[in-house]
Amino acid sequence: MLRVTSLNVNGLRSAFRKGLYPWMQAQGADIICLQEIKAHEADLDRDLTDPEPYEGHFHFAQKKGYSGVGLYVRQSPESVVTGLGMPFFDDEGRIITARWPNLTVISAYLPSGSSGDERQAIKMQCLDTFAPWLESLMKTHRETGHEFIICGDWNIAHKEIDLKNWRGNRKNSGFLPEERQWLTKVFDEIGFVDVFRALEPGEDQFTWWSNRGQAWANNVGWRIDYQIATPGVAQKAQHVEIYKAQRFSDHAPLSIDYDITI
């Protein structure tokens with residue numbers, strides 16, 4: 001089994017102080033996709049860049065203490081590519097891609113629009129440019145059989161089941177009709193699979209909780225963290241878990257086991 005974990009750490013150093021590393025060792029993921037690491041290379045010592053038994057790969061944002069993505073991997077990839085060749089994604093450190101012979105794994109942190117109309121407009125522009133890239137990945141999959149798993153915080157809850165207070169959030173960023181329609185296109189038209197939902201149809205399955213009020217205590221959450229995969233590898237998913245016994249950030253780790261070799 002190949003275990004893939006995705007986690008928005010809301011600061012990598014903070015997550016390690018809260019016990020992330022012992023948990024990583026115990027749960028044994030082969031690939032860990034990180035988002036919102038909020039660090040630059042100079043901020044990370046070897047215990048953070050290459051925590052045994054992993055090697056780390058990172059894409060840092062230009063702005064200090066902001067955004068950024070990374071990967072911890074047990075098996076060295078053939079190649080690692082940072083960014084998309086698009087200034088918005090690349091300047092904010094939002095995409096890192098690792099390729100093995102049979103599988104490519106991507107850690108992606110799509111923007112939030114919750115801070116206001118300007119940022120929401122940027123978010124929608126970002127989605128418009130991201131979709132053709134996803135189409136290119138699916139084209140590669142169909143032509144070559146190479147599989148893709150895209151992990152990360154996509155800042156969109158897809159359906160009503162994916163957040164607790166959906167009625168009160170219909171006009172809020174993260175659950176706007178146009179955002180949800182975009183994600184439906186990713187699944188229904190482009191052809192990617194929401195692997196979590198393929199395995200777990202149940203309610204009250206969330207990965208992020210606001211720090212306001214008693215959201216965590218009352219499980220008033222959102223499912224905005226995904227593992228979205230090409231159909232071949234999605235069909236080989238065997239087990240899924242949202243880990244909530246410990247808190248390393250305002251997000252919970254999402255782990256899925258795949259019956260594949262890389």
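Quick notes on this structure:
- Among (1) surrounded by fewer than 20 Cβ atoms within 10 Å (Cβ to Cβ); (2) among the small types (Gly, Ala, Ser); (3) touching a helix residue (DSSP H, G or I) at 6+ places or on another chain (Cβ under 9 Å) - the single one residue 229 does not satisfy: (1)
- If the condition is being touching a strand residue (DSSP E or B) at 6+ places or on another chain (Cβ under 8 Å), aliphatic (A, V, I, L, M) and surrounded by fewer than 19 Cβ atoms within 10 Å (Cβ to Cβ), then region 159-205 contributes 198, 199.
- Of all residues in region 91-118, those satisfying the criterion of being without any contact (Cβ under 8 Å) to a residue 24 or more places away in the chain, over 14 Å from the mean Cα position of the chain (by Cα) and either within 30 Å of residue 75 (Cβ to Cβ) or in a helix (DSSP H, G or I) (or both) are 99, 117, 118.
- Unmet requirement for residue 38, which otherwise passes all of (1) surrounded by 14 or more Cβ atoms within 10 Å (Cβ to Cβ); (2) of a type in the set (Lys, Arg); (3) on the phi < 0 side of the Ramachandran plot: (3)
- Against the list (1) in a strand (DSSP E or B); (2) in contact (Cβ under 8 Å) with a residue 24 or more places away in the chain, the condition residue 56 fails is (2).
- Residue match in region 14-31 (condition: under 30 Å from residue 232 (Cβ atoms) and part of a strand (DSSP E or B)): yes
- Residues of region 240-262 classified as out of contact with any Lys or Arg (no Cβ under 6 Å at 6 or more places or on another chain) and over 16 Å from residue 194 (Cβ atoms), total: 11
Computed from the coordinates by the stated procedures, all read-outs in this text should not be read as laboratory data. Note that the structure is a prediction, hence the values are computed from the model and not measured. Cβ coordinates were reconstructed from backbone atoms using ideal geometry, including for glycine residues, and neighbour counts include every protein chain displayed.
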